[in-house]
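Written below as structure tokens is the structure these notes are about.
The values are calculated or read from the model by the stated rules, or taken from the named source; none is laboratory data. If you're wondering where the values come from, they're calculated on a predicted model, not measured in any experiment. With ideal geometry, Cβ positions are generated from the backbone for all residues, glycine too; neighbour counts draw on all protein chains shown. Accessible surface is based on the protein model in full, side chains and every heavy atom, while ligands, DNA and RNA are left aside. Shrake-Rupley method; radii C 1.70, N 1.55, O 1.52, S 1.80 Å.
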Amino acid sequence: MKLQTANRFSCEGQEGSLGDLPALFAAAAHRAGAGASDRLAVISDDPRMLVASAVGLHAWSADGAIVAATAASPAVRSLLLERGYSLLEIGPSGEWARLQRTSGGGAQGGRIALLTSGTTGTPKLLTHTWESLATLRAAGTLPPHRWLLTYLPGTYAWFQMLTLSMFGAEQALVASPHCSPEEIWDNGLAAGFDAVSSTPTFWRYLLALRRAADLVRVPLAQITLGGEPVRQDLLDRLRSLFPAARLTHIYAAAEVGAAIVVHDGREGFPRGWLADGGPGRCRIREAGGILEVQSPYAAEGTGSKDLWHSTGDRVEIRGNRAVITGRAADDVLNVGGRKASAVAIEEVLRANPLLSWCRVRGARAPLVGTLVAADVVLAEAGRSVTREEAERELTAFCVAHGLPEWMVPRLWTFLDRVPVSPAFKVERLHG
Amino acid sequence: MERSAVVEVMQSILERQGKGGPDLHDSATLREIAFRSLDFSELCLRVEQKIGRELNFDASTLRNIDTVKDVCDFILQAAS
């Protein structure tokens with residue numbers, strides 16, 4: 001695949017073209033004694049060096065991985081070394097670089113390893129080729145954009161944006177150190193951007209902390225959401241704030257690629273896609289309430305391209321739409337032997353005007369094993385009531401909306417802001 | 001933990017569930033005040049959060065709990 005060398009890349013006040021970046025990476029790698037025949041896991045907290053390293057690995061046709069320094073835990077480092085990746089740590093602007101070599105792991109060339117935490121939280125590696133990573137090519141020809149890069153470097157979503165810029169015409173990237181959503185937004189303002197791809201949580205966080213009047217000063221032409229279930233309330237809010245933007249939400253997974261792409265601003269996707277496989281190159285279907293995908297972009301070692309992959313994500317039919325509601329394994333709470341759906345409870349709570357955000361989880365409790373607990377962030381309307389009043393009103397709201405007694409949250413935690421993981425996703429908690 | 005604090009938590013649980021009424025008195029039965037197993041579990045959890053440790057109790061003693069007084073005795077014993 002041919003690098004779009006003229007595409008622009010901006011980071012912390014420096015702007016250049018993608019074609020400049022391989023040399024930056026090569027200089028740092030050579031300084032540490034690494035070369036194109038090594039399998040390198042590049043670790044850095046410099047976003048420019050991480051992008052340069054990915055582009056450089058492509059230029060070398062080398063095997064490698066990109067790891068943000070914040071994600072390079074001892075467990076991750078051990079896993080990479082075990083799998084035959086030498087660790088190349090690169091300092092800011094490539095000022096220093098050091099190499100921890102390992103043996104084994106024959107290079108295949110042009111393979112990129114992605115770290116995922118899977119459903120268990122234990123890190124694992126998935127291997128892709130550049131062809132299987134670059135799934136957004138199939139989304140059609142995009143108009144020129146400057147994309148705000150919001151994803152954690154080295155993740156599947158980050159590579160989606162990177163490969164869009166590497167191989168798509170006139171797709172620029174605006175990166176910044178991976179910090180909070182509002183800092184990423186503010187850093188991007190100086191460079192200028194007209195497109196944002198992020199998790200829904202990124203926007204919920206931003207909308208809670210920034211005045212809408214300030215956000216809409218950015219003339220967004222494209223908003224893409226992915227990485228988490230996308231709800232109608234957020235789509236409606238973004239549509240009202242950015243009426244000129246194309247609103248896209250994507251279902252993607254590191255194992256199978258971007259399988260579902262929707263542009264109509266409505267939650268979910270047409271249910272008919274489950275019957276006819278959908279319009280994309282990936283085929284989709286539902287089995288036992290779980291989404292399955294047949295994908296030409298599947299990671300290596302996950303079976304043939306004809307295999308149907310069970311995503312573990314629950315899909316529900318609502319009228320003429322099919323809606324992905326989240327991981328099935330995260331959804332069911334056992335309250336004294338009765339099942340409670342965290343997703344169903346969240347659906348009810350989300351309709352309450354007191355709240356701007358909620359997450360339902362199980363809390364370990366005597367006698368019944370688990371009680372339903374809710375972490376919530378109050379909306380403007382909820383800030384004028386006491387917490388005791390809010391708890392009473394929210395409880396009554398759940399009862400009035402038909403939740404059975406065991407599904408009504410018993411414990412309420414009021415948070416000042418939406419809690420986010422480094423990947424800007426809401427983390428499921430298990431009590 | 002004081003007996004009055006246990007009653008106060010019971011009262012607040014009932015009010016939140018829309019089952020609040022006059023002040024609880026010791027002889028009121030759990031059936032009369034509609035204090036169910038989920039309410040009892042919530043009470044235990046809230047007490048555990050207040051005292052910062054798990055309650056220590058024998059599940060078999062639960063069978064003999066019938067009134068507000070029984071609940072208070074049980075909680076105070078388990079929290080001691």
On a 0 to 90 degree scale, rounded to 10, what angle separates helix A:21-31 from the longest Cα axis of chain A? 70 degrees
Rel. contact order, % - alpha carbon contacts under 8 angstrom, at least six apart, chain A: 10 percent
Leaving out same-chain residues fewer than 8 places away, which aspartates and glutamates sit with a Cα under 20 Å from that of A:LYS305? A:GLU131, A:GLU255, A:ASP276, A:GLU286, A:GLU292, A:ASP313
At a probe radius of 1.4 Å, what is the per-residue accessible area of A:ARG239, in Å² to the nearest 10? 90 Å²
Assuming a ≥ b ≥ c are the square roots of the Cα gyration tensor eigenvalues, decide whether chain A counts as rounded (a/c under 1.5), prolate (otherwise, with a/b larger than b/c) or oblate. prolate
Sticking with the crude label model, points 7 Å out along Cα→Cβ, report the distance from A:THR116 to A:GLN232 in nm, one decimal please. 3.0 nm
Once phi is turned into ³J(HN,Hα) by the Karplus curve 6.51 cos²θ - 1.76 cosθ + 1.60 with θ = phi - 60°, what whole-Hz value does each residue of segment A:86-93 show in order, with x for glycine and proline? 6, 8, 10, 9, 10, x, x, 6
How much of the accessible area of the protein assembly as shown, in percent, comes from carbon and sulfur atoms when a 1.4 Å probe is used? 50 percent
Comparing A:GLY13, A:GLY272, A:GLY319, which has the greatest mean-square fluctuation in the GNM of chain A with Cα pairs linked when under 10 Å apart? A:GLY319
Ordering A:SER176, A:SER240 by accessible area with a probe of 1.4 Å, largest first, what comes out? A:SER240, A:SER176
Find the accessible area per residue for chain A; the probe is 1.4 Å, ligands and nucleic acids are left out, and the unit is Å². 40 Å²
Considering amide H positions built from the backbone, and no H for Pro or chain starts, which residues 5 or more places from A:ALA322, or on another chain, come under 5 Å of its amide H? A:PHE269, A:ARG271
What accessible surface, in Å², does a 1.4 Å probe find on B:MET1, ignoring ligands, DNA and RNA and rounding to the nearest 10? 90 Å²
If you line up the long axis of helix A:47-60 against the longest principal axis of chain A, both from Cα atoms, how many degrees apart are they, to the nearest 10? 50 degrees
Ignoring ligands, DNA and RNA, how much accessible area is buried between chains A and B, both sides summed, with a 1.4 Å probe, to the nearest 100 Å²? 1600 Å²
At 1.4 Å probe size, what's the solvent-accessible area of A:SER310? Round to the nearest 10 Å². 80 Å²
Sequence-distant or interchain residues sharing an amide H contact under 5 Å with A:LEU378, placed H: which? A:SER356, A:LEU415
Going by accessible area, probe 1.4 Å, with all protein chains left in place, what is the ranking of B:ARG3, A:ARG361, A:ARG98, largest first? A:ARG98, B:ARG3, A:ARG361
Descending accessible area (1.4 Å probe), largest on the left, turns A:ARG8, B:ARG31 into B:ARG31, A:ARG8
Using a Förster distance of 22 Å, how high is the FRET efficiency between A:ALA244 and A:GLU15, based on the Cβ-Cβ distance and rounded to 0.05? 0.30
Work out from phi, with θ = phi - 60° and the Karplus expression 6.51 cos²θ - 1.76 cosθ + 1.60, the ³J(HN,Hα) of each residue of segment A:33-42, listed in order in whole Hz, and give x for Gly and Pro. x, 9, x, 5, 7, 7, 8, 10, 9, 8
